[in-house]
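This report refers to the structure that appears directly beneath it.
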Amino acid sequence: PKVTIVGAGNVGATAAHIIASKNMADVVLIDVAEGLPQGKALDMMHMRSVEKFTVKVTGTNDYADTRDSDVVVITAGIARKPGMTREDLLGVNAGIMKSVIGQALEASPNAVFICVTNPLDVMTTLAFRESGLPANRLMGMGGVLDSSRLAFAVCEKLGCEPADVTAWAVGAHGEGMVCWPRFTTVNGTPITELMDEAAVAEVVQRCVKGGAEVVAFLKTGSAYYAPGASIAKMVEAILTGSDEVMSVCAHIDGQYGIDDLYMNVPVRLGKNGVEEIVEFDLNADELAALQASAESVRAGLANLPE
Ligand code: NAI
């Protein structure tokens with residue numbers, strides 16, 4: 001298989017590295033910066049005999065080289081600096097997304113597309129409107145990362161191992177994020193039975209602020225190791241048709257009482273991309289929180305240039 005990654009910056013290159021290391025697919029890195037994708041691709045090819053992967057990584061500035069990709073991941077765009085929210089990136093990144101999606105789609109008309117550029121829910125909606133792609137073949141990466149940050153916070157709090165934790169963070173990929181403690185489990189036991197309310201609130205906050213915590217340390221940009229791994233996880237599910245259920249920014253069409261909106265929800269991810277949006281059995285408070293998160297995404301969409 002062939003995977004194109006648009007944007008050879010921190011997130012794009014990290015995803016490329018993980019996809020290649022796991023021997024999932026040939027990877028094409030494409031960027032507007034001349035030399036950057038070529039240099040990083042060559043560096044990864046030099047790593048091949050150390051890590052013993054057999055797939056190829058190439059770098060280019062020309063969409064012709066991305067032709068007939070199975071999956072296209074879009075990471076092109078600016079990242080946040082300390083004090084910025086993801087929403088502050090909208091103006092610049094909307095222009096980049098518009099220029100990228102058409103060219104990438106023309107070269108790979110049958111691919112499954114994963115948007116990563118922030119603000120995620122708005123950028124994925126923009127790509128959907130611009131491309132005319134069927135909803136199953138266009139999604140965003142946000143919820144896998146947010147859920148893994150929640151899992152990390154649970155592990156830190158309870159001293160448990162990642163393999164024992166299943167965590168669910170859904171909703172807007174931003175300040176309006178929603179965690180589902182009742183469905184977040186350690187060896188099958190909900191964390192609501194393993195810690196008191198204050199501790200649950202603490203791990204939820206750690207998850208919601210996780211991205212900002214990294215930005216505050218780095219100062220020069222935002223997270224990329226966990227985002228890269230989360231992209232690779234989604235690519236793997238699509239290429240192998242694993243049908244694994246994970247939190248994905250998908251086009252919600254009536255599920256959870258939400259209409260025509262891109263936001264993270266549990267999705268069965270497989271060969272055709274979003275195979276199904278899975279509806280968890282929410283209580284009234286959980287449903288209200290998810291719908292409020294949807295409203296925060298709609299508010300962001302109002303700022304999208306026509
Ligand atoms: P970066 O600055 O390291 O890399 C961005 C790359 O995009 C640069 O190499 C730049 O030359 C390239 N680029 C700009 N315009 C382009 C165009 N028209 N075509 C192709 N390439 C273009 O930024 P980083 O850290 O890789 O972040 C990328 C994006 O991903 C940001 O918008 C960031 O906010 C977002 N992000 C999203 C996450 C998520 O969970 N959805 C997690 C982490 C980052």
Alpha carbon centroid spacing (whole Å) that separates the stretch 127-151 from the stretch 93-107: 16 Å
Volume per residue of the C-alpha convex hull in the stretch 1-46, rounded to whole Å³: 56 Å³
3J(HN,Hα) from dihedral phi, the stretch 292-305, Karplus parametrisation 6.51/-1.76/1.60, rounded to Hz, x for glycine, proline: 5, 4, 4, 5, 5, 5, 4, 4, x, 5, 5, 8, 6, x
Compactness of the stretch 1-118 - radius of gyration and Dmax, Cα, Å: 14.1, 42
Net length gained if the chain between LEU287 and THR85 were fully extended (0.36 nm per residue, minus Cα distance): 70.2 nm
The chain: relative contact order as a whole-number percent, Cα under 8 Å and 6+ apart: 18 percent
Nearest-0.05 FRET efficiency for THR189 and ALA135, computed from C-beta distance (R0 35 Å): 0.50
Under 20 Å from LYS271, Cα to Cα: lysines that are on another chain or at least 8 residues apart: LYS2, LYS22, LYS233
Under Karplus coefficients 6.51, -1.76 and 1.60, residue-wise ³J(HN,Hα) of the stretch 148-157 in Hz, glycine/proline x: 6, 5, 5, 4, 4, 4, 5, 4, 5, 6
Segments 70-78, 189-197 sorted - mean Cβ within 10 Å per residue, highest first: 70-78, 189-197
Sequence of HIS46, HIS173, HIS17 from largest to smallest accessible area, 1.4 Å probe: HIS46, HIS17, HIS173
Counted charge near ASP253, where neighbours are those whose Cβ lies closer than 11 Å (Asp, Glu -1; Lys, Arg +1): -2
Principal axis dimensions, the stretch 160-275 - Cα atoms, whole angstrom, descending: 39, 39, 31
Crossing angle, helix 36-51 versus the chain [Cα axis fit, 0-90 degrees, rounded to tens]: 80 degrees
Per-peptide average of other Cβ atoms within 10 Å, ordering 218-225, 260-267 highest first: 260-267, 218-225
Per-pair calculated FRET efficiency, R0 = 30 Å: SER99 and LEU301 via Cβ, rounded to 0.05: 0.90
Solvent-accessible surface (1.4 angstrom probe) belonging to PHE152, in square angstrom, nearest 10: 100 Å²
Mean Cα-pair separation over length for the stretch 1-154, i.e. relative contact order, pairs under 8 Å, 6 or more apart, %: 21 percent
From the C-alpha gyration tensor of the chain, square roots of 5λ in Å: 30, 22, 19
Cleavage-rule hits (trypsin sites (Lys or Arg not before Pro)) in the stretch 18-122: DSSP loop, at most 11 neighbouring Cβ within 10 angstrom: LYS52
Residue-wise HN-Hα coupling along the stretch 246-260, computed from phi with Karplus coefficients 6.51, -1.76, 1.60 (Hz; x: Gly, Pro): 9, 7, 9, 6, 10, 7, 7, 9, x, 4, 6, x, 10, 10, 6
Taking the convex hull of Cα positions in the stretch 120-175, its mean projected area over all directions (nm²): 4.6 nm²
Amide H partners (placed H, <5 Å) of LEU138, local residues excluded: PHE113, VAL274
Length added when fully stretched, ARG48-LYS22, from 0.36 nm per residue minus Cα-Cα: 8.3 nm
Value of relative contact order over the stretch 84-143, rounded to a whole percent, pairs C-alpha under 8 Å and six or more apart: 40 percent
Extension reserve of the VAL278-ALA33 stretch, reckoned as 0.36 nm per residue once the Cα distance is removed: 84.3 nm
Qualifying aspartates and glutamates (Cα of each under 18 Å from Cα of LYS219; at least 8 residues distant if same chain): GLU87, ASP88
Label-to-label distance, nm, for residues given as LYS209 and ASP68 (7 Å Cα→Cβ offset): 5.1 nm
Paramagnetic label zone (point 7 Å from Cα along Cα-to-C-beta, ALA229; backbone N under 20 Å) in the stretch 1-36: 9-25
Distant alpha-carbon pairs in the stretch 212-306 (separation over 21 angstrom), percent: 49 percent
Base-10 log of normalised Debye intensity for the stretch 186-250 (one unit scatterer per alpha-carbon) at q = 0.13, 0.18, 0.29 Å⁻¹: -0.59, -0.95, -1.11
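The values are calculated or read from the model by the stated rules, or taken from the named source; none is laboratory data. In this text the structure is predicted, and so the values were computed from the model without any measurement. Glycine gets a Cβ as well: all are built from the backbone with ideal geometry, and neighbour counts include every protein chain shown. With ligands, DNA and RNA removed, areas are computed over all heavy atoms of the protein, side chains included. Shrake-Rupley method; radii C 1.70, N 1.55, O 1.52, S 1.80 Å.
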